[in-house]
Amino acid sequence: MRTDEAIRLVTAARTDADLFGTQEPARRYRELVGALHPDRLGAADPLVRAAAADALVTVTTRWRTPAPTYAGDVADLHDHGDGRLLKVARHPGDNDLMAREARALRRIAEHGDARHLAYVPRLVDSYPARDPSSGVQRQVNELVTVPGLHSLDDVRRAYPDGLDPRDAAWMWRRLLVALGLAHRAGVVHGAVLPRHVLVEPDAHGVVLVDWCFSAEPGGLVPALVPGHEDWYPPEVAAKRQCGPGTDIAMATRCMTWLMGDRTPRELRAFADGCQGTALAIRPDDAWRLLRELDEVLHRLYGPRTFRPFTLNP
Ligand SMILES: Nc1ncnc2c1ncn2[C@@H]1O[C@H](COP(=O)(O)OP(=O)(O)OP(=O)(O)O)[C@@H](O)[C@H]1O
Ligand SMILES: [Mg+2]
């Protein structure tokens, strides 16, 4: 399908059946995405690019894939099926949060050590798109995803009586790498919650997602994720300056929450040291904290070994 044909079809469509047909809707969907995707437009006229971007959002937001599509607080995430997620602001009032995410991810990609960039999503593109039927403009962040990711909420559900600290160990270590990477780039995540920490069980991967609430050190976290107010350290609710220690406190909370009653005394003490009430008394260097965590883990369990992990215990 040609791009102009696709744009015409989308603009004229009033129902999902108009858009996808009834014969082979999945095929039509792929054709439309193929014809409208910015990567395939090369050096097209900016007006055509903008029209294609609008049409692409209409297509993906109307498409109900059988594969999981996430409906978050801020955004809807549509799986492109080719390793890309289209994160679209649900309310135009949240477009600024999406722009915040794009800024943070660009900054990390620019300043971060390439070896660690897999710990955060890769931003492919960020653009505003207008829904032709309603006229509403929504910011879109296109992200690369990796297959097989599960959030710490999923991990906790699989291990309701507490996760073995040796399994929590690699998640904690890698989460600190993600934070070290971001903090060195001058970005505080601002919402290190179980739903935003994704793990890949087989390869022990960790990806810290949702940078919509990020801030510069010394800045303000723009909002609290509704329903999670009690996960935040005091400076966030009080609208005081945040810093790397804000993320460190929240990451620590995620880990003790995962281990629950299985948290060994030594790790409990380490965690307490990361969760002081005042930002100023908390550690603020994730890389250094990682070395300290390694020492505690070494004292507890000896040399590091690979421990297979599964979500189906
Ligand atoms: N790059 C990614 N790769 C894989 N999954 C992702 C990615 N980004 C987000 N997700 C999944 O989609 C969910 C929602 O994404 P995100 O937090 O960015 O949007 P949100 O609108 O804030 O949603 P929520 O309110 O659930 O946090 C995440 O918790 C995660 O499960
Ligand atoms: Mg979120």
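Phi angles of the range 27-39 translate, via the Karplus equation with coefficients 6.51, -1.76, 1.60 and θ = phi - 60°, into HN-Hα couplings of 5, 4, 4, 5, 4, 5, 4, x, 6, 9, 5, x, 4 Hz per residue; Gly and Pro are given as x.
Diffusion of the range 1-63 by Stokes-Einstein, at 4 °C in a medium of 1.567 mPa s and with Rh set to the Kirkwood radius over alpha-carbon pairs, works out to 113 µm²/s. For Gly205, the residues whose modelled amide H falls within less than 5 Å of its own, excluding neighbours fewer than 5 places apart on the same chain, are Glu200.
Extension gain, Gln137 to Arg90, is 15.9 nm, computed as 0.36 nm per intervening residue step minus the present C-alpha separation. The amide H of Ala75, built 1.01 Å from its N in the peptide plane, has Arg90 as neighbours under 5 Å, considering only residues 5 or more places off or on other chains. Each eigenvalue of the Cα gyration tensor of the chain, multiplied by 5 and square-rooted, gives one semi-axis; in descending order these are 39, 21, 16 Å.
Relative to a virtual label point 7 Å from the Cα of Asp284 in the Cα→beta-carbon direction, which members of the range 239-262 show backbone nitrogen distances below 16 Å? Answer for the range 239-262: 240-250. Size descriptors for the range 150-301 (Cα atoms only): Rg and Dmax, in that order, 14.3, 40 Å. Maximal additional length on extending the Asp45-Asp230 stretch stands at 61.7 nm, based on 0.36 nm per residue less the C-alpha distance. For Thr145, the residues whose modelled amide H falls within less than 5 Å of its own, excluding neighbours fewer than 5 places apart on the same chain, are Arg84, Leu85.
Counting only protein heavy atoms and a 1.4 Å probe, tell me what percentage of the chain's accessible area is made up of carbon and sulfur.
Ligands and nucleic acids excluded, carbon and sulfur give 51 percent.
Magnitude of the charge dipole for the chain, about its Cα centre and with charges confined to Cβ atoms of Lys, Arg (+1) and Asp, Glu (-1), is about 260 debye.
The long axis of helix 244-259 is offset from the longest Cα principal axis of the chain by roughly 80 degrees.
With θ taken as phi - 60° and the Karplus curve 6.51 cos²θ - 1.76 cosθ + 1.60 applied, the whole-hertz 3J(HN,Hα) list for the range 269-285 is 5, 4, 5, 4, x, 9, 10, x, 5, 8, 3, 5, 9, 8, x, 10, 10 Hz, x standing for glycine and proline.
Against the longest alpha carbon principal axis of the chain, how many degrees, from 0 to 90 and to the nearest 10, is the axis of helix 3-12 turned? Once rounded, the angle reads 90 degrees. Per residue, the chain exposes an accessible area of 48 Å² to a 1.4 Å probe, with every protein chain left in place. Each Lys and Arg adds +1 at its Cβ and each Asp and Glu adds -1 at its Cβ; summed about the Cα centre, the range 150-301 shows a dipole of about 220 debye. Taking θ as phi - 60° and the Karplus parameters 6.51, -1.76 and 1.60, the scalar couplings of the range 47-55 work out to 5, 5, 4, 5, 5, 5, 4, 4, 5 Hz in sequence order, x denoting glycine and proline. Placing R0 at 25 angstrom, the Cβ-Cβ distance between Ala17 and Thr69 gives a FRET efficiency of 0.80 after rounding to 0.05.
The values are calculated or read from the model by the stated rules, or taken from the named source; none is laboratory data. All values reported here derive from a predicted model rather than from experimental measurement. Don't worry about glycine lacking a Cβ; one is built from the backbone with ideal geometry, like all the others, and counts go over all protein chains shown. Heads up: the accessible areas ignore ligands, DNA and RNA and are worked out on the full protein's heavy atoms, side chains in. Shrake-Rupley method; radii C 1.70, N 1.55, O 1.52, S 1.80 Å.
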